[in-house]
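The values are calculated or read from the model by the stated rules, or taken from the named source; none is laboratory data. All values derive from a computational prediction rather than experimental measurement. For neighbour counting, all protein chains shown are included, and Cβ atoms are generated from backbone atoms with ideal geometry for every residue, glycine included. Accessible surface areas use protein heavy atoms only, side chains included; no ligands, DNA or RNA. Shrake-Rupley method; radii C 1.70, N 1.55, O 1.52, S 1.80 Å.
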Amino acid sequence: MQSKNLYIATFGCQMNVNDSERIVTMLQELGYRTTEHLREGDLVLFNTCTVRGGAEDKVHQHLANLKSLKKKRPGTLIGIAGCVAQQEGDRLLADYPWLDLVVGTHNLHLLPEMVREAEAGRRRSETDFLENDTRLDLFPAIAGYRKVSAFVTVMQGCDNFCSYCIVPYVRGREISRRFDEILREVRELASQGVREVVLLGQNVNSYGMKGEGEPPFSELVREVARVPEVARIRFVTSHPKDMSPELIACFGDIPKLCGALHLPAQSGNNRILAAMNRGYSRERYLETVRALRAVRPDIKFTGDMIVGFPAETEAEFEETLSLMEEVRYFDLFSFVYSPRPGTKAAELADDLSKEVKLERLDRLQKLQSIHSRVHNESYTGTIQQVLVEGPAKREGQVMGRCDSGRIVNLAGSPELIGCLVNVRIVEGYANSLLGELL
Ligand code: SAH
Ligand code: SF4
Ligand code: F3S
């Protein structure tokens, strides 16, 4: 089979990263090998995100720019996958005549067939939601894995309908994958050398809650921990309202479960949380944080915050800052509220000026950078277990992560890849740590 080049650009969350990995696997069977260079692509795919207006605008810019590529190399096939594909559907084929295929978030298993048709000159768009749970198994796991850390999708979609969020509309209803199917994939990855498993979903901790008859998420974590080759477990993203006592207990008695949790609060003010439809109060969020610290004192929290939600007052925003002071996040992803079509919040007047929103974002980020720096500096002189993942950017060094997920660079040879090693941290930088092997 003649080898062809696939250029794939991935935007958005880990779901998209994981989907892109699976796309690469599926298209290998059609003879496609990945290239880093857009100009070399025989097939150019954009796996897209629409969570904020800026992300969506970027996709349209890229699509407009591809017109000249198609003119220069008419044989190049161009496709759009992911959440913008799901949101816009057929319209994209009409708006961009140089586009060959549009594949939505439930239809990735159709991609090989669609690419073959595109090669034969037929344009196609597939963005219907599938109603049943078979789709999670329609779609191959990642074959021939050569990584130390791997994602394993456990559920997809979201039923929470936070008032600002477009994800439920572009990923569809919440569906949990079958328990035994997940474990089969974990065991297979482990047998191929994977040492860290990251359980993945829009809302992993509501796994099994929707009446599919699967055991709860805490049981899944316990079963994955029983796979001997698996040294570390992480999961993302958890919803604060679904942090059950059973799942909290896992952090106390499963050493393989890393002491790091992404637990997005979105705001520290109760009126805003209610308007966001988040399903918890500031007090309950902080109780959950305390309960987790009680069973795992060194647990590190990361989170997401939105500033400038409609009608957010200065006093309400300051409660977000005070929540940050209480939690002391390790890292925080912060965003200016962006109205999204079809969501409840988009009907509210987006009444704050751009200046006010940006000023709040700036204050929040300055506070967070202090907290992150204090966390990083506190590592200096400590001994950390590091799972070595691969070569570092600097020659003669390898990179890995400590339990918290922080990147550690250290002098060492590639034989260390896949090993858990003890490392003394000699310096903490803004985004990484420097260590030496013990
Ligand atoms: N399922 C995950 C991820 C959702 S999207 C979760 O619930 O946490 C990632 C983050 O984008 C959200 O946590 C939120 O902080 C942010 N986000 C989502 N919609 C947004 C919007 N309309 N404007 C600004 N930020 C938004
Ligand atoms: Fe969006 Fe809320 Fe679902 Fe997260 S939980 S994906 S923020 S609707
Ligand atoms: Fe973006 Fe879709 Fe993820 S909108 S954040 S890529 S689910």
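Relative contact order for the chain: what percent, with Cα pairs under 8 Å and sequence separation of 6 or more?
Values: 861 pairs, mean separation 42.1, N = 438.
Reported as a whole number, the value is 10 percent.
Using alpha-carbon pairs under 8 Å, 6+ residues apart, how would you state the relative contact order of the stretch 4-126 in percent? Don't skip to the end; give the middle numbers.
On the way: 198 pairs, mean separation 27.9, N = 123.
This gives 23 percent for the stretch 4-126.
Tell me the Rg and the Dmax, in Å, that the Cα atoms of the chain produce.
22.3, 64
Using a basic spin-label model with each label point 7 Å from the Cα along Cα→Cβ, how many nm lie between Arg394 and Glu131?
Here the answer is 5.9 nm between the modelled labels.
Can you compute the radius of gyration and Dmax for the stretch 293-378, using only the Cα atoms, both in Å?
Cα-based Rg and Dmax for the stretch 293-378 come out at 14.8, 45 Å.
Given charges of +1 on the Cβ of Lys and Arg and -1 on the Cβ of Asp and Glu, with all other atoms neutral, how large is the dipole of the chain about its Cα centre, in debye to the nearest 20? Intermediate values should be presented prior to the final figure.
Values: 55 positive and 60 negative charges, 176 e Å.
About 840 debye.
Tally up the carbon and sulfur contribution to the accessible surface of the chain as a whole percent, 1.4 Å probe, everything protein left in place. Walk me through the numbers before you get to the answer.
On the way: 9840 of 18970 Å².
C and S atoms contribute 52 percent here.
Show that you can apply the helix-only estimate: for the chain, add -39,500 (n - 2.57) for every DSSP H stretch of four or more residues, divide by all residues, and state [θ] at 222 nm to the nearest 500. Could you put the intermediate results ahead of the total?
On the way: 14 runs with 154 residues, N = 438.
Result for the chain: -10500 deg cm²/dmol, rounded to the nearest 500.
Could you sort 235-244, 24-33, 332-341 so that the peptide with the highest average Cβ count within 10 Å comes first and the rest follow in order?
Details: 235-244: 19.6, 24-33: 16.3, 332-341: 18.0.
The packing order, highest mean first, is 235-244, 332-341, 24-33.
For a quick protection proxy, order the peptides 305-316, 369-380 by their average other-Cβ count within 10 Å, most packed first.
Numbers: 305-316: 18.7, 369-380: 15.1.
So the peptides 305-316, 369-380, ranked by packing, come out 305-316, 369-380.
Write down the accessible area per residue of the chain in Å², having rolled a 1.4 Å probe over the full set of protein chains. Show your work: numbers first, answer last.
Working: 18970 Å² over 438 residues.
Spelled out: the 1.4 Å probe surface of the chain, per residue, equals 43 Å².
Distance check, please: which entries in Lys256/Lys300; Lys241/Lys300; Lys210/Lys256; Lys58/Lys393; Lys4/Lys72 exceed 20 angstrom between their Cα atoms? All intermediate terms of the calculation are to be shown ahead of the outcome.
Numbers: Lys256/Lys300 15 Å; Lys241/Lys300 18 Å; Lys210/Lys256 27 Å; Lys58/Lys393 28 Å; Lys4/Lys72 18 Å.
In this structure, Lys210/Lys256; Lys58/Lys393 exceed 20 Å between Cα atoms.
With both bridge residues required to lie in the chain, what share of the DSSP beta bridges run antiparallel, to the nearest 5%?
Values: 22 of 67 bridges.
Rounded to the nearest five, the antiparallel share is 35 percent.
Spit out the partnerless Cys residues in the chain, using Cβ distances under 4.7 Å as the pairing rule.
If one checks each Cβ against the other cysteines of the chain, Cys13, Cys49, Cys83, Cys158, Cys250, Cys258, Cys402, Cys419 turn up with nothing under 4.7 Å.
Over the alpha-carbon set of the stretch 383-437, work out the extent along each principal axis and list the three values in angstrom, largest first.
So the extents along the principal axes, rounded to whole Å, are 25, 20, 16.
Answer with one residue from Ala315, Leu361, Ser378: the one whose Cα lies farthest towards the positive end of the charge dipole of the stretch 273-410, charges on Cβ with Lys, Arg +1 and Asp, Glu -1.
The residue sitting most towards the positive pole is Ser378.
Under the 0.36 nm per residue contour assumption, what length would be gained going from the current alpha-carbon distance of Arg122 and Arg328 to full extension?
Details: separation 206, 0.36 × 206 = 74.16 nm, distance 5.37 nm.
Result: 68.8 nm gained on full extension.
Which aspartates and glutamates does Lys357 reach when only Cα atoms under 18 Å apart count, and residues fewer than 8 places away in its own chain are ignored?
Lys357 reaches Asp304, Glu312, Glu314, Glu316, Glu318, Glu319.
Only Cα pairs under 8 Å and at least 6 apart count here; give the relative contact order of the stretch 293-438 as a rounded whole percent.
Details: 244 pairs, mean separation 27.6, N = 146.
Once normalised by length, the contact order is 19 percent.
Across 10 Å bins from 0, what is the distribution of all Cα-Cα pair distances for the stretch 31-125, in whole percents?
Once binned at 10 Å, the Cα pair distances of the stretch 31-125 give 16, 53, 29, 2.
With r as the distance between the Cβ atoms of Glu415 and Glu287 and R0 = 51 Å, compute the FRET efficiency 1/(1 + (r/R0)^6) and round to 0.05. Kindly include the intermediate steps, with their values, before the conclusion.
Values: r = 46 Å, r/R0 = 0.90.
Efficiency for this residue pair is about 0.65.
What is the distance in Å between the Cα centres of the stretch 101-117 and the stretch 421-438?
If you average the Cα positions of each part, the centres end up 44 Å apart.
Just going by the charge dipole of the chain, with Lys and Arg at +1 and Asp and Glu at -1 on Cβ, which of Asn270, Val221, Gln14 is farthest out on the positive end?
Result: Gln14, furthest along the dipole toward the positive end.
Among Leu352, Val59, Leu438, whose Cα sits farthest toward the positive end of the charge dipole of the chain (+1 at Cβ of Lys/Arg, -1 at Cβ of Asp/Glu, about the Cα centre)?
The Cα lying farthest towards the positive end belongs to Leu438.
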